[in-house]
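The values are calculated or read from the model by the stated rules, or taken from the named source; none is laboratory data. Fair warning: this is a prediction, and the values are worked out from it, not measured in the lab. Cβ sites come from the backbone with ideal geometry, for glycine too, and all protein chains shown count toward neighbours.
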Amino acid sequence: MQNDDATDSAFLDIAANLLAIILIVTLFSLAAARHQTHSSTYPDARQQPTLRFVEPQRDLFPPFSTFFFVTDERIARWDQQAVLDALRRDPRAFSGRTAQGRYEWLPEPLITRDIDTYQLKFFVDRQAIQANEPAFTESRIPVFLASLLREYQQSRTAPVFMVDPSGMEVFVKLHDALQESGLRFRWFAQLPDEPLFLGRHPGQFTRYAIYW
């Protein structure tokens, strides 16, 4: 008699558990069907195939820079490639010259990190710039701006102007046009014979927009 009671009790437990599982599955099925119906009929949830997702530009990362020397009514793009070629020819030399001036190079290998730092100073030769570059007049501004805008669109490279006191007058003519164009740019007033200083250090890779 006791065995029959135990069998009936076990059967009732199994039946109750199965019934509970069926109820839970039924509730989830009803909830999912209701959500799907609501999503497909709610106006704000309807898909609009004409809309196109555009990934926003990541402005946290600064643009590349191209440098211009402004001196003696001249605006000259700094030929960085000439410096790189000179360093490649003689990597052990810590100074040298290009057609635009003189550079001093100080590499700083970091053994504890995978980022080698360096410092580079470039002393512009104003006489060489004046001899090799034509005078920058207001008539050249539209063509000059168009080339800067095209370069920014193609390679996200923004201009940086290093303005010598002798070039402040010519830069004033360009400054207003730069602002009206909406192009991102920077400019620095330099003291006479002050070098352009460049460098790389770990902070440039751990903090966003360190220069911009």
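Please determine whether any residue of the range 157-164 is out of contact with any Phe, Trp or Tyr (no Cβ under 6 Å at 6 or more places or on another chain), under 27 Å from Gly199 (Cβ atoms) and loosely packed, with under 14 Cβ neighbours inside 10 Å.
No.
When both residues are 6+ apart or on different chains and their Cβ atoms are under 9 Å apart, which pairs have a first residue that lies in the range 5-28 and is at pLDDT 70 or above, and a second that is in a helix (DSSP H, G or I) and not hydrophobic (A, V, I, L, M, F, W, C)?
Listed pairs, sorted by first residue: none to list.
Considering the range 116-167 alone, what residues qualify as being among the β-branched types (Val, Ile, Thr) and in a strand (DSSP E or B)?
Result: Thr117, Val124, Thr157, Val160, Val163.
Working carefully through the options Ser147, Ser139, Ser95, Ser155, find the one that is closer than 19 Å to Phe64 by Cα and without any contact (Cβ under 8 Å) to a residue 60 or more places away in the chain.
On the way: Ser139 fails: closer than 19 Å to Phe64 by Cα; Ser95 fails: closer than 19 Å to Phe64 by Cα; Ser155 fails: without any contact (Cβ under 8 Å) to a residue 60 or more places away in the chain.
Matching residue, one of Ser147, Ser139, Ser95, Ser155: Ser147.
Take the range 165-199 and flag every residue that is surrounded by 13 or more Cβ atoms within 10 Å (Cβ to Cβ) and of a type in the set (A, V, I, L, M, F, W, C).
Met168, Val170, Phe171, Leu174, Ala177, Leu178, Leu183, Phe185, Trp187, Ala189, Leu196, Leu198
For the range 63-98, enumerate the residues that are within 26 Å of the chain's Cα centre (by Cα) and assigned to a strand (DSSP E or B).
Residues satisfying the conditions are Phe64, Ser65, Thr66, Phe67, Phe68, Phe69, Val70, Ile75, Ala76, Arg77.
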